[in-house]
Amino acid sequence: MVGKREFVAELLGTFLLVFFGLSTVAVAVTLNVHVGLFQVALLWGLALIVAISVVSEVCDAHFNPAITLAFATVSGFSWRKVPAYIFAQCTGSLLAALGVYALFSGTIEAFEESNHIIRGESGSELSSMMFGEYFPNPAMARDMSELSRVTLWHGFFAELLGTALLAFVIFTLVGQRRVTMPSWLVPILIGVALSVIIAIMAPLSMGGFNPARDLMPRIVASLTGWGKLPFEHNGKGWLTVYVLAPIVGAQVGAVMAQLVRKPSEENVG
């Protein structure tokens, strides 16, 4: 079973990751102070490094239901812990999204007014994208007509492949951390991997790779004025692209990591 400290640590770690990440997107979208996509991707990676480093001695620091399920499937993580971990992750993500909305609600409204956006109507994905994700990336699609050809299949594959690559890195590093490298290096390498993968996939699907990171902020957006748009803009994409694809991708990445791990490496998770 999951103890109170472990549950709270997973919740707070997820909160840190999602709060820092969503705030980065909010600042980039509404205030235009970050320089380019790579800076946003870099800050997501740094947020993950901080979150893992802060709580990993208390919990397993998954922060992601897809990663938790993959650890349970292939790496011996207790299935009895899975519901509590996913609940902690969803709660942390929900609180983070509420915090971001409270902090940036004024700048969001100013951004919508200056860009003639009516919240909840078509086009308001440009402001709600700082919570839930869309394909193609709304901020880029309006300036790059080529992105209009990004279909549900492209979004699904981007999220599946991105999560698979991230999971492969995580499972490979976790398997080696007690054998070949100092433990402090593991979160840094995982954070770098996340930054690189986001930088590649974000123009297509915004690069979520985490059902809790997308679904809970999407719900917050729906409840704070965007209404049905977060769940209708891409049809069923909110489910297939941003929930199911990461879950499948994490399983694929975890299995691939198992294939390259040394037989003597113990299962951890």
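The values are calculated or read from the model by the stated rules, or taken from the named source; none is laboratory data. Bear in mind that the values here come from a model prediction, so they are computed numbers and not experimental data. Glycine gets a Cβ as well: all are built from the backbone with ideal geometry, and neighbour counts include every protein chain shown.
Observations on the structure shown:
- Residue within the range 143-157 that is surrounded by fewer than 20 Cβ atoms within 10 Å (Cβ to Cβ), at pLDDT 90 or above, within 17 Å of the chain's Cα centre (by Cα) and of a type outside the set (Gly, Ala, Ser) present: yes
- Qualifying positions in the range 129-142 - under 20 Å from the mean Cα position of the chain (by Cα), aliphatic (A, V, I, L, M) and not in a loop (DSSP other than H, G, I, E, B): 139, 140
- Within the range 43-70, the set of residues being of a type outside the set (A, V, I, L, M, F, W, C) and over 13 Å from residue 184 (Cα atoms) comprises 45, 60, 62, 64, 65, 68.
- Residue 72 surrounded by 23 or more Cβ atoms within 10 Å (Cβ to Cβ) and more than 19 Å from residue 194 (Cβ to Cβ): no
- Considering the range 29-40, and only residues there that are surrounded by fewer than 14 Cβ atoms within 10 Å (Cβ to Cβ) and assigned to a helix (DSSP H, G or I), the residue that is nearest to the chain's Cα centre (by Cα) turns out to be 36.
- The single residue among 52, 67, 118 that is surrounded by fewer than 16 Cβ atoms within 10 Å (Cβ to Cβ) and either in contact with a Leu (Cβ under 6 Å, 6 or more places away or on another chain) or hydrophobic (A, V, I, L, M, F, W, C) (or both) turns out to be 118.
- All told, residue 33 falls short of being at pLDDT 95 or above and of a type outside the set (Asp, Glu).
- Total residues in the range 56-81, condition under 18 Å from the mean Cα position of the chain (by Cα) and within 10 Å of residue 254 (Cβ to Cβ): 5
- Residues located in the range 245-263, provided they are assigned to a helix (DSSP H, G or I) and either without any contact (Cβ under 8 Å) to a residue 24 or more places away in the chain or acidic (Asp, Glu) (or both): 259
- Looking across the range 158-171, the residues that are of a type in the set (A, V, I, L, M) and either at pLDDT below 95 or over 19 Å from residue 244 (Cβ atoms) (or both) come down to 169, 170.
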